[in-house]
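The values are calculated or read from the model by the stated rules, or taken from the named source; none is laboratory data. Small disclaimer: the values here were computed from a predicted structure and weren't measured. Neighbour counts are summed over all protein chains in view; Cβ atoms, including those assigned to glycine, are modelled from backbone coordinates with ideal geometry.
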Amino acid sequence: MTRIIVCLLGLLSFSGYLKAQTVESGNLFSKIETILAGMPASNSDNYLEPDAGQLTTWNKTIDYLLAGNYGLAATEANSIDYDLIEFTDTPSGKKYYVLTNNKSNYWGTYVFYPEALRPLVIQSPHPKYDTNTGLEGIFIFQETDALFFSMSGTHRCNQGIASSCSGTTSVCGTTEPYKISDMAHSVSSIFQAVTDNLYTQIDTTYFVSLHGFGKRDSDPYVILSNGTRETPETDYISRFKNNLLQEDGSLTFQLAHINTNWNRLIAFTNTQGRLINNSIDPCEENASTVTGRFMHIEQEKSKLRNDEDGWQKVANALKKTFSGPVLAINVPTEELFDLYPNPSTGQIFINPPDDELEHLAIYDLLNKEVINYSSERLPESSRLRLDLVNLPNGTYILRLKSTVRKIIIQ
């Protein structure tokens, strides 16, 4: 992972970005807690699958959201009974964008953080059944400064209709197929569409799926899986396990790609995991290859998911696991060339080292080059003026040979 990924799809034809239609402030954790408290329970048939048109509209919503065009994102969301809320979290002062239903489409709640430090997507597919995993999810999302948080909108057993996807479970009563309201086992869902969008459009996203289980005597406290038996080139799960063990030495583990004889709760039928591991049919077929971008975490309750102390351990382990290259652009200012003012309204001055005047480029945060200054265009001066007034407001990366700086246009 060589760069930070947060926002902007390079839709630079817009002269500026609109505001979300709804503006709120307060405690984001408390807001999610309230949504959870009102979430429909099991066996009440509130959940209905989105149709093809609604999925198309949702994908447009996410495209606009990632591009920072919050006005159009809000318009698309409203057309399918969702609100886009520009939410300022008062404890931290950070600004988030929250997609939540305003009527009866219980497809889940989704939170985007445009100033993310880590391209993590934190997922809580069973917040009503796997106790505390919804609250744990939003806590970890905020603690790690992650990119996105996804939380399903009902109990996993809310709808009686069976999912067409493979696999069975006894969580809703007798052993039977998963329900369409089970977001980890359905492909015709907004939850899956968000996963697909973030996976395909941002090639360094990493998905953390939070779950809980009742521990048998033969079980460890934590079961980790990448959705396959294969070990990826970069094994973040093993790194995470080691970092989590540093947080709590009493934990015990099973890793499905290390102990290939372990078969309990290994997520091979999880449709997000199948998709991320490039299954030919995420609904029906287990993945046969591994991308290394999916982590399924099964947690016994008392050690990790019971309260904030346990959630903090998971967050700390994730921060250690996804440090270094992910944060490479956040080097202290004093170690780099002078750049000012930053933030800027469009005109920036830099004083680069004389031996680094050969090439300078500006990239958006999806690594698309938006301005290129060749050596012929750079003025012969120790002080360079860059005119960026035509760029939409947002965050960009200035690269000058081996050094980089994050710049903000506002």
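Could you check region 91-126 and list, in sequence order, the residues that are in a loop (DSSP other than H, G, I, E, B), out of contact with any helix residue (DSSP H, G or I) (no Cβ under 9 Å at 6 or more places or on another chain) and not aliphatic (A, V, I, L, M)?
Kept after step one, since they are in a loop (DSSP other than H, G, I, E, B), are these residues of region 91-126: 91-93, 102-108, 113-117, 125-126.
Going one step further and asking which of them are out of contact with any helix residue (DSSP H, G or I) (no Cβ under 9 Å at 6 or more places or on another chain), we end up with 93, 103-104, 106, 115-116.
Answer for region 91-126, where residues must be in a loop (DSSP other than H, G, I, E, B), out of contact with any helix residue (DSSP H, G or I) (no Cβ under 9 Å at 6 or more places or on another chain) and not aliphatic (A, V, I, L, M): G93, K103, S104, Y106, E115.
Does A287 satisfy the criteria of being assigned to a helix (DSSP H, G or I) and among the hydrophobic types (A, V, I, L, M, F, W, C)?
Criteria not met by A287.
Out of all the residues in region 68-75, is one or more modelled with pLDDT of 95 or more, crowded, with 21+ Cβ neighbours inside 10 Å, of a type outside the set (S, T, Y) and in a loop (DSSP other than H, G, I, E, B)?
Among the residues of region 68-75, not one is modelled with pLDDT of 95 or more, crowded, with 21+ Cβ neighbours inside 10 Å, of a type outside the set (S, T, Y) and in a loop (DSSP other than H, G, I, E, B), which makes the answer no.
Here is a check on your reading of the model: is S79 surrounded by fewer than 22 Cβ atoms within 10 Å (Cβ to Cβ), touching a helix residue (DSSP H, G or I) at 6+ places or on another chain (Cβ under 9 Å) and more than 16 Å from N197 (Cα to Cα)?
Judged against the criteria, S79 is a match.
Residue under question is K215, and the condition is that it be in contact (Cβ under 8 Å) with a residue 12 or more places away in the chain, within 19 Å of T133 (Cβ to Cβ), of a type in the set (K, R) and surrounded by fewer than 22 Cβ atoms within 10 Å (Cβ to Cβ); does it hold?
yes
Is at least one residue of region 131-138 assigned by TED's automatic domain parsing to the domain that holds L66, assigned to a loop (DSSP other than H, G, I, E, B) and among the small types (G, A, S)? Break it down into steps so the answer makes sense when it comes.
Restricting attention to region 131-138, the residues satisfying the condition of being assigned by TED's automatic domain parsing to the domain that holds L66 are 131-138.
Now restrict to residues that are assigned to a loop (DSSP other than H, G, I, E, B): 131-132.
The next check asks that each one be among the small types (G, A, S); those that pass are none.
No, there is no match, as no residue in region 131-138 is assigned by TED's automatic domain parsing to the domain that holds L66, assigned to a loop (DSSP other than H, G, I, E, B) and among the small types (G, A, S).
Considering only region 258-285, state which residues are more than 23 Å from L120 (Cα to Cα) and either surrounded by 20 or more Cβ atoms within 10 Å (Cβ to Cβ) or polar (S, T, N, Q) (or both).
Answer for region 258-285, where residues must be more than 23 Å from L120 (Cα to Cα) and either surrounded by 20 or more Cβ atoms within 10 Å (Cβ to Cβ) or polar (S, T, N, Q) (or both): N259, T260, N261, N263.
For S225, are the conditions met, namely being small (G, A, S) and within 22 Å of N286 (Cβ to Cβ)?
Criteria met by S225.
Can you spot a residue in region 45-57 that is more than 25 Å from D364 (Cβ to Cβ), hydrophobic (A, V, I, L, M, F, W, C), modelled with pLDDT of 95 or more and in a helix (DSSP H, G or I)?
Checking region 45-57: at least one residue is more than 25 Å from D364 (Cβ to Cβ), hydrophobic (A, V, I, L, M, F, W, C), modelled with pLDDT of 95 or more and in a helix (DSSP H, G or I).
With respect to D203, determine if the residue is of a type in the set (D, E), within 19 Å of R293 (Cα to Cα) and out of contact with any Asp or Glu (no Cβ under 7 Å at 6 or more places or on another chain).
yes
Spot the failing condition for S181; the list is (1) assigned to a loop (DSSP other than H, G, I, E, B); (2) small (G, A, S); (3) touching a helix residue (DSSP H, G or I) at 6+ places or on another chain (Cβ under 6 Å), and only one is missed.
(3)
Return the pairs, sorted by first residue and then second, in which the second residue is at pLDDT below 90, the first residue lies in region 63-75 and is on the phi > 0 side of the Ramachandran plot, the beta carbons are less than 8 Å apart, and the residues are 6+ apart or on different chains.
Every condition considered, the pairs that remain are G68/C7; G68/L8; G68/Y17; G68/P114; G68/P392; G68/N393; G68/G394.
Of everything in region 378-392, what is at pLDDT below 75 and not small (G, A, S)? Give them in sequence order.
L378, P379, E380, R383
Between a residue in region 379-396 that is on the phi > 0 side of the Ramachandran plot and any residue that is surrounded by fewer than 17 Cβ atoms within 10 Å (Cβ to Cβ) and at pLDDT below 80, which pairs come within a Cβ distance under 9 Å, given they are 6 or more apart or on different chains?
Sorted first by the residue in region 379-396, then by its partner, the pairs are G394/I408; G394/Q410.
Out of all the residues in region 315-329, is one or more of a type in the set (D, E, K, R), modelled with pLDDT of 70 or more and more than 20 Å from the chain's Cα centre (by Cα)? Even if it seems obvious, please write down each step before you answer.
Filtering region 315-329 for residues of a type in the set (D, E, K, R) gives 319-320.
Of the ones still in play, those that are also modelled with pLDDT of 70 or more are 319-320.
Adding the requirement that they be more than 20 Å from the chain's Cα centre (by Cα) leaves none.
Checking region 315-329: not a single residue is of a type in the set (D, E, K, R), modelled with pLDDT of 70 or more and more than 20 Å from the chain's Cα centre (by Cα).
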